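One structure is given below, encoded as structure tokens.
The values are calculated or read from the model by the stated rules, or taken from the named source; none is laboratory data. This structure is a prediction, so every number in the text was calculated from the model and none was measured. Neighbour counts are summed over all protein chains in view; Cβ atoms, including those assigned to glycine, are modelled from backbone coordinates with ideal geometry.
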Amino acid sequence: MTPAIEVSNLSFHYADGTEALRDVTFAVAPGECVGLIGPNGAGKSTLLLHLNGLLPEHPRDSSRVRVGGEPLTPDNLHKVRRQVGLLFQDPNDQLFCPTVFEDVAFGPQQFGLCEAEVRRRVADSLARVGLQGFEKRAPHHLSGGEKRRVCLAGVLACEPSILVLDEPTSELDPYTRRELKELLRQIPITKLIATHDLELVVELCSRVLVLDAGAVVAEGPTVRLLSDEPLMLQHKLECPHILRHLHPH
């Protein structure tokens, strides 16, 4: 089966010379939900931005990233971006229209869909994230959790086959975090979730990649990896409470 995402020996330096990714190789199967964890500055966000061609800005050698078997090249960037929905860490980076409707409609409109189809997708996506009736609301007046759900609705309205999420539960209160987890659980597409929320990883992800200093230092089944206390501590991570409860010493 062709992997949904395939990354081969991907390295990346920022313009100032900072090495952000070192020889990163992994694959995600269709329908799989994979967690991407690691300390701050490990390169998680940088890696996610490569998956729909936001980095590098002028890809010359894009064959290191493949989506659904297709290499990311300038010629098919548009096609790949329709497949990969990216949810940014800060909702304010993703919301820029005066109303919720316009924000959610923005992606589908870029695809040149007719107005009726755009309206259908906006209504469906807002319903999926529990925000029916929010169409006329101003995004900057919403709570953090509502903003995040509007961003997710905007991504879902593009009907991607892969969802790539950067810290989806950061700065959410426990109730809103639980709601969002349940929402993500119900979206049956391929997911790669970069997060410090290791409870979320245990609940949603069957497999985990550990990234540190730009390199994949470990990968494997979630429970086995996150229960490995020496490994966790070595990479400034902690064994989540949910697993301490499952595996009392």
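Here residue 218 clears all of (1) surrounded by 17 or more Cβ atoms within 10 Å (Cβ to Cβ); (2) at pLDDT below 95 except the condition numbered (2).
Considering segment 8-87, the qualifying strands (runs of 3 or more DSSP E), each wholly inside and each with 3 or more residues that are within 15 Å of residue 217 (Cα to Cα), run over 19-28, 33-37. From the list 183, 233, the lone residue that is exposed (fewer than 13 other Cβ atoms within 10 Å of the Cβ), out of contact with any His (no Cβ under 8 Å at 6 or more places or on another chain) and part of a helix (DSSP H, G or I) is 233. Quick one: would you say residue 145 is modelled with pLDDT under 95 and closer than 30 Å to residue 47 by Cα? So residue 145 passes the test. Exactly one residue among 74, 30 is modelled with pLDDT under 95 and not hydroxyl-bearing (Ser, Thr, Tyr), and that residue is 74. Flag: residue 107 does not match the condition of being over 30 Å from residue 238 (Cβ atoms) and loosely packed, with under 14 Cβ neighbours inside 10 Å.
Return yes when residue 125 is surrounded by 15 or more Cβ atoms within 10 Å (Cβ to Cβ), out of contact with any Asp or Glu (no Cβ under 8 Å at 6 or more places or on another chain) and over 24 Å from residue 240 (Cα atoms) and no when it is not. Considered against the rule, which asks whether it is surrounded by 15 or more Cβ atoms within 10 Å (Cβ to Cβ), out of contact with any Asp or Glu (no Cβ under 8 Å at 6 or more places or on another chain) and over 24 Å from residue 240 (Cα atoms), residue 125 comes out as yes. For segment 79-113, which positions are out of contact with any strand residue (DSSP E or B) (no Cβ under 9 Å at 6 or more places or on another chain) and polar (S, T, N, Q)? 92, 99, 109, 110 - these are the residues of segment 79-113 that are out of contact with any strand residue (DSSP E or B) (no Cβ under 9 Å at 6 or more places or on another chain) and polar (S, T, N, Q).
Between 151, 158, the distinction of being touching a Gly at 6+ places or on another chain (Cβ under 6 Å), under 28 Å from residue 28 (Cα atoms), in contact (Cβ under 8 Å) with a residue 60 or more places away in the chain and hydrophobic (A, V, I, L, M, F, W, C) belongs to 158 only.
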